[in-house]
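Peer 1: Below: one structure in structure tokens.
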Amino acid sequence: MMIFNKLVSMLFLSLMVFLTGCASNSEKSNITSIEDVNVDMLKENSGTYVGDNSKVSAILQELPGGETIQAIDLSGEMVKVTYGNKEGSLPESDVDEFWFDGKHADRKNFYYNAIYLTLLVPNAQEYHFQVDESMVSVSRDKMVKNLQDEFKEFPTGEAIWDKKTVSEFIDEHKGKLTEMATKYQTFFE
């Protein structure tokens, strides 16, 4: 009988550890991170105009932190996104942990998003991202200059509007684009 009780206790303890581990992993995946971005979905919206609210919104939803968008302002040929916790959605602790992980996740995600908006929404002139007191604003001109400095074949002029050209550019350079965003201090500052 004693052995049976120990066996049941160990089985119960193992089950609790397993379920706790699974719960932790599933919570983390509720907010899209840079590693989780579906680039193929993004490429489908290449050549989007800043005035096309539904397409810009679809792009932003696919980018890191898309589940935490509180407001999008597309006035004046700019993309302004405010991130944070929406009542009734994700737990505030998950949102805070995602954006403020102690490793500058907010900045990395902002710059990653700016890179892809530069590629996919060619007529946007500025990008503004904010979560709590953390904010990044960058002009399209600065983004294009930095991307052209890094990639001599960066699509410009009419080529930036061509879905196939932009898609091929992203396919060829998505690793480097991610690296540039995650090492933002040398690229954007």
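Peer 1: Criterion first (crowded, with 16+ Cβ neighbours inside 10 Å and at positive phi) does Gly84 satisfy it?
Peer 2: yes
Peer 1: I'm told Gln125 meets every condition in (1) in contact with a Ser or Thr (Cβ under 9 Å, 6 or more places away or on another chain); (2) modelled with pLDDT under 95; (3) farther than 20 Å from Gln61 by Cβ except one. Can you identify the failing condition by its number?
Peer 2: It is condition (2) that Gln125 fails.
Peer 1: Further, regarding this structure: Looking only at the range 156-170, decide whether some residue is within 22 Å of Asn38 (Cβ to Cβ) and polar (S, T, N, Q).
Peer 2: Yes, that holds for at least one residue.
Peer 1: Among the listed residues Ile72, Ile59, Ile115, identify the single one that is hydrophobic (A, V, I, L, M, F, W, C), modelled with pLDDT of 90 or more and open to solvent by 10 Å² or more (accessible area, probe 1.4 Å).
Peer 2: Among Ile72, Ile59, Ile115, only Ile72 is hydrophobic (A, V, I, L, M, F, W, C), modelled with pLDDT of 90 or more and open to solvent by 10 Å² or more (accessible area, probe 1.4 Å).
Peer 1: Any idea which of Asp141, Asp162 is farther than 24 Å from Gln70 by Cβ and open to solvent by 70 Å² or more (accessible area, probe 1.4 Å)?
Peer 2: So the residue among Asp141, Asp162 that is farther than 24 Å from Gln70 by Cβ and open to solvent by 70 Å² or more (accessible area, probe 1.4 Å) is Asp141.
Peer 1: Is it the case that the range 129-146 has a residue that's under 18 Å from the mean Cα position of the chain (by Cα) and at positive phi?
Peer 2: Checked the range 129-146: at least one residue is under 18 Å from the mean Cα position of the chain (by Cα) and at positive phi.
Peer 1: If you don't mind, another one. Looking at (1) free of Cβ contacts under 8 Å to residues at least 24 places away in the same chain; (2) open to solvent by 80 Å² or more (accessible area, probe 1.4 Å), which is the only condition Lys174 fails?
Peer 2: Just one mismatch for Lys174, condition (1).
The values are calculated or read from the model by the stated rules, or taken from the named source; none is laboratory data. Note that this is a predicted model, so its numbers are computed, not measured. Cβ atoms come from the backbone with ideal geometry, glycine included; neighbour counts cover every protein chain shown. Note: areas computed on protein heavy atoms with side chains; ligands, DNA, RNA excluded. Shrake-Rupley method; radii C 1.70, N 1.55, O 1.52, S 1.80 Å.
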